[in-house]
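Right, one structure below, let's go through it.
Readers should treat all values here as calculations from the given coordinates under stated rules, not as data from a laboratory. Given the structure is predicted, the values throughout are model-derived calculations rather than measurements. All Cβ positions, glycine included, derive from the backbone under ideal geometry; neighbour counts span all protein chains shown.
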Amino acid sequence: MSLARETRNSRRRQDGFSLLEVMIATGIMASALVTLAQLFGLSVSSNRGAQALTYTTVLAEQKMEQLRGLEWRLGSLGLPVTDADTDTTAAIDTPSGGTGLSRSPADTLTSNVPGWVDYVDRFGNTLGGGANPPAKTVFVRRWSVEPLGHDPDNAIVIQVLVTPRMNRGAADSAGSTLRLPGESRLLCVKTRKAQ
């Protein structure tokens, strides 16, 4: 009789899962799904941040190349030649009406100073400059041109800051070098070269 009882008990164990086993398996599965959902959300957020940073870096490189392309050289007589008139805030450079590579005011990287700021739409088109961004502005590009301390007549430091259109808070306080997520800041030194 004990063999028959043992056979019945083993059949019951083989018939299916107990409620406790199902609850444990469901809990493990739910925990795994929640973790996967969190990882997916983090992945999407990281990709958006990387995309914004890449885009602002490209916009900063464009402005840097535009500024580096302006004349800053020594003429044939050894006298300095500086482009201080090109309007680099317009969609297409115009040879006059702008600031070129003239020395910028102290706050051009922390506020929208006409002549040292332009605005870009979501397609990368320049919308022009001015103190106030146009309605379609998605990115703000600011730049500064300052003489290099040890050779102020022959070397300048160009900085370009590209930021999504937003309130930068304390990052826009005087003298701030704070870079917020999604922003790009480039710096280069340009020296005069003989022709």
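Numbers for the structure displayed
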item: Relative contact order of segment 43-191, pairs being alpha-carbon contacts under 8 Å that are 6 or more residues apart, as %; result: 23
item: Antiparallel DSSP beta bridges within the chain, as percent of all bridges there, nearest 5; result: 95
item: Additional length obtainable on full extension of the chain from A135 to S46, 0.36 nm per residue less Cα span; result: 29.3 nm
item: Segment L39-A91, extension gain: residue separation times 0.36 nm, minus the distance between their alpha carbons; result: 14.6 nm
item: Residue of Q62, Q38, Q51 that the Gaussian network model of the chain assigns the largest fluctuation, springs spanning Cα pairs under 10 Å; result: Q38
item: Chymotrypsin sites (Phe, Trp or Tyr not before Pro) within segment 31-137, DSSP loop, no more than 16 other Cβ atoms inside 10 Å; result: F123
item: Separation of the T191 and V22 label points, Cα + 7 Å toward Cβ, nm; result: 8.0
item: Per-pair calculated FRET efficiency, R0 = 25 Å: D107 and A84 via Cβ, rounded to 0.05; result: 0.80
item: For q = 0.12, 0.13 Å⁻¹, Debye-computed log10 I/I(0) when each Cα of the chain counts as one equal scatterer; result: -0.69, -0.77
item: Euclidean distance of C-alpha centroids, segment 14-86 and segment 93-155, integer Å; result: 25
item: Loop-located trypsin sites (Lys or Arg not before Pro) in segment 64-162, at most 11 other Cβ atoms within 10 Å (DSSP); result: R122
item: Contact order normalised by residue count of segment 120-168, Cα under 8 Å, 6+ apart, percent; result: 32
item: Cα centre as origin, Lys/Arg/Asp/Glu Cβ charges: the chain dipole, Debye; result: 1120
